[in-house]
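The values are calculated or read from the model by the stated rules, or taken from the named source; none is laboratory data. Keep in mind the model is a prediction, meaning the values are calculated, not measured. Cβ placement follows ideal geometry from the backbone for every residue including glycine, while neighbour counts extend to all protein chains displayed.
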Amino acid sequence: MSSTKRPIPVTVLTGFLGSGKTTLLNRILSENSDTKYAVIINEYGLEGIDDKLITAQVDEEVFEMNNGCICCTVRGDLIRILAALMKRRDKFDAILLETTGLADPAPVAQTFFADPDVKTNTELDSILTMVDAAHILGQLKDSPEATDQIAFADTIIINKIDAVLKADIEAAEAAIRAINPFATLLHGTRGQVTDASGQAFSLSSLLTRHAFSLEHVLGVDPEFLANAAEGHHHHHDADVSSISLKSDKPLDGTKFDDWMSTLLATHGQNILRTKGILNIENEPKKFVFQAVHMMSDGEFTSDWQPDEKRASTLVLIGRGLNKAQLKEQFLACAQ
Amino acid sequence: MTTNPHTPHALNTPINGLVWNADTLAAAGGEGTLHLLRPNLTKPLAVQVSDAPLMTVIATPEGFATADESGRIHLTTVQGETTLLADTKYMFLENIVYFAKKKQIIAATGKSVTIINADGSTSQLPHKLPSTIGGMAISPIGPRLAVSHYGGASILALDNTKNPPRLLPWKGSHLGLTYSPDGKWLISSMQEQAIHLWRLSDGMDLQMRGYPSKITQFSWMSDNTTLGTNGGGGVPLWSFATEKGPAGTQARVLADSGVQETLVTSLAMHPKGPFCAIGYTDGLTLLTQTVEDRAILLHEPNAQPVQHIAWSANGMHLALAHANGTVTLTDFAALV
């Protein structure tokens, strides 16, 4: 019965053990009682969860897609469970997927791009990453998983801020921004979530961010790419960083397409996420583009407005990005 | 005017399986009900089998066996009496087959296989598969069970469980599985929109690619050598008439929609004659003559994908389930 309905939004909750994922999850579930959730968990049972909820426990099964693309991995367990959930008559409004602290977010995100059935029935709403304010700097040094979870996130909650000094929060924010300039950064204390200025952030809006919808990339978040800053220079080349590319000259659509396809095919393993709003020559509409590793999605969305400046912005997050070369190649698409 | 050969029944639930036992049709409902339908019966008999959604239904000599979301297996007679056979406790159990020789139901429970005897007692085969099992098939010529998984398929001996499995390797995730009716070939459907074929005499294997979507259904023609699948714009016909199978040949395609978005979602070959019922993503259903590829209309497009099609064993009745939870019975005699 999925065919006539809108795809069901899925929020992926990542973060290291002890970062406060379960506390947040329980608060979301108890506060949004008019929304019916299916909860998919990985490592342990959730205590005190309403037994009316649909809960499914899965064992992570990462499958390589046999299509010649080495980084193209999907989560076989998710494909199976998401299809099985569609067999219920009693439906749910949204799905919350909690991953283990050590899970690689890439196969999770790629599952939503690569599997035709998952794509039809569900849509990835956003990746939400919880970090512990006191431990994140150490974790970023020691574990690539922490870096990846930040690189893939659309929303990052720096949790337990009451346990650290203001300077520590600022240091955590700077380190996070160096990896991922486009995620929304929030603060958390004892299950309360606020924005950086201390305003309360509603839990239900955490679950309806539409971060993977191309329209959203463009509309709801005007600050989005404009604010993207380049990574700090004290990081090594092998670290995860980002680059923001801009051009006022219209891009040649074919050139961009050729460049991006080649770039993702050859370097997609190291490019974690890509997002862009592009001004294509002779096109009245904006071209919105995004990718997770090699898997990309792009389309013309809304018209450029008469009072709007036609410009292109593209942000890449990746390991060991050759920034000078990327910039040169991007600008060459405008000639 | 003859009478309308089609009788629709709105069951208003996801239909998670459709199977005939003689002249009784069972539809497994996503609300835990097994809906029993018969031609000439105006109203389906709704048997509340479980409080959990039914994930699939198969036919057994006594009636039907269902698997539900919480892992229980129930038996239901064609009259509608239902009993709990066993509780595997495996969440989202959706893969069961009937092993006639020993009157057992075999269930894929994660990385292992559970055997359920007629008295409800259960045991597990000792083999641990490399991943969660995708599909299962019983060999038509011997007491063997094939299971698909990540990295290929394995054939398990059902008479001597101490025998090590025979691994048929091929990289990637293998989902559905079918044996050719002569037992000489095993065919899997894959995560990457292809089918994989193994010739069991020597392990030679072939990959058939080029499908625009995932393949989830197989159907063998009554000639016992031709396989059709869903997942394409039409139904590709793969021939296993020679030792080489379809190697080096192009599939003949039946009833190609010719439209990129309109794909075959379900198919069922007629059990006796040269016909194939084909349902599409837009709800259109055709009855195709397989030799000449001529078709008659069974169901107009209704924007509801066809999810299951099943012929009764004598080929006189056809059932099809649309995604909106409607099952339509068609009287073949009134049609042709």
Could you please find all residues in the range B:21-46 being of a type in the set (S, T, N, Q) and assigned to a strand (DSSP E or B)?
-> B:N21, B:T24, B:T33
Picked from the range A:98-122 (must be among the hydroxyl-bearing types (S, T, Y) and surrounded by fewer than 22 Cβ atoms within 10 Å (Cβ to Cβ)), the residue farthest from the other protein chains (Cβ to nearest Cβ) is A:T100
Condition check for B:G279: of a type outside the set (A, V, I, L, M, F, W, C), crowded, with 20+ Cβ neighbours inside 10 Å and not in a helix (DSSP H, G or I) = yes
The lone condition B:S70 fails out of (1) surrounded by 23 or more Cβ atoms within 10 Å (Cβ to Cβ); (2) within 13 Å of chain A (Cβ to nearest Cβ) is (1)
Name the pairs: first residue in the range A:193-212 and polar (S, T, N, Q), second residue surrounded by 11 or more Cβ atoms within 10 Å (Cβ to Cβ) and in a loop (DSSP other than H, G, I, E, B), Cβ to Cβ under 9 Å, at least 6 apart or on different chains?
-> A:T194/A:F201; A:S204/A:N32; A:S204/A:T35
For B:A146, indicate whether it is buried (at least 20 other Cβ atoms within 10 Å of the Cβ) and touching a residue at least 12 places away in the same chain (Cβ under 8 Å).
-> yes
At least 1 residues that are of a type in the set (S, T, Y) and over 19 Å from A:D59 (Cα atoms) in each: list the strands (runs of 3 or more DSSP E) lying fully within the range B:117-162 that qualify.
-> B:122-124, B:144-157
Go through the range B:151-191 and give me each residue that's at pLDDT below 95, within 14 Å of another protein chain (Cβ to nearest Cβ) and surrounded by fewer than 19 Cβ atoms within 10 Å (Cβ to Cβ).
-> B:K171
Mind checking which residues of the range B:194-219 are buried (at least 18 other Cβ atoms within 10 Å of the Cβ) and within 21 Å of the chain's Cα centre (by Cα)?
-> B:A194, B:I195, B:H196, B:L197, B:W198, B:M208, B:Y211, B:K214, B:I215, B:Q217, B:F218, B:S219
Working only within the range B:303-324, note down all residues that are within 12 Å of chain A (Cβ to nearest Cβ) and assigned to a loop (DSSP other than H, G, I, E, B).
-> B:A303, B:Q304, B:P305, B:A323, B:N324
Keeping to the range B:11-34, report how many residues are touching a Gly at 6+ places or on another chain (Cβ under 8 Å), closer than 17 Å to B:N324 by Cβ and away from chain A (no Cβ under 12 Å).
-> 1
Working only within the range A:183-205, note down all residues that are of a type in the set (A, V, I, L, M, F, W, C) and assigned to a helix (DSSP H, G or I).
-> A:L203
Looking at the range A:295-326, which of its residues are within 18 Å of A:N180 (Cα to Cα) and outside any strand (DSSP E or B)?
-> A:G320, A:L321, A:N322, A:K323, A:L326
Could you list all residues from the range A:59-76 that are modelled with pLDDT of 75 or more and more than 9 Å from chain B (Cβ to nearest Cβ)?
-> A:E60, A:V62, A:C72, A:T73, A:R75
Condition broken by A:D93, with the remaining ones in (1) closer than 16 Å to B:M91 by Cα; (2) modelled with pLDDT of 80 or more; (3) away from chain B (no Cβ under 11 Å); (4) surrounded by fewer than 20 Cβ atoms within 10 Å (Cβ to Cβ) satisfied | (1)
Could you please give the count of residues in the range A:138-153 that are more than 19 Å from the chain's Cα centre (by Cα) and either surrounded by 17 or more Cβ atoms within 10 Å (Cβ to Cβ) or at positive phi (or both)?
-> 1
Scanning for something of a type outside the set (S, T, N, Q), under 15 Å from the mean Cα position of the chain (by Cα), on the phi < 0 side of the Ramachandran plot and not in a strand (DSSP E or B), does the range B:61-82 turn up at least one residue?
-> no
When you look at A:S312, is it in contact with a Ser or Thr (Cβ under 9 Å, 6 or more places away or on another chain), at pLDDT below 90 and closer than 27 Å to A:A106 by Cα, yes or no?
-> no
Taking the range B:1-23, which residues are surrounded by fewer than 22 Cβ atoms within 10 Å (Cβ to Cβ) and among the hydroxyl-bearing types (S, T, Y)?
-> B:T2, B:T3, B:T7
When residues of the range B:48-62 are limited to those that are farther than 19 Å from A:K91 by Cβ and buried (at least 22 other Cβ atoms within 10 Å of the Cβ), the one farthest from the other protein chains (Cβ to nearest Cβ) | B:V49
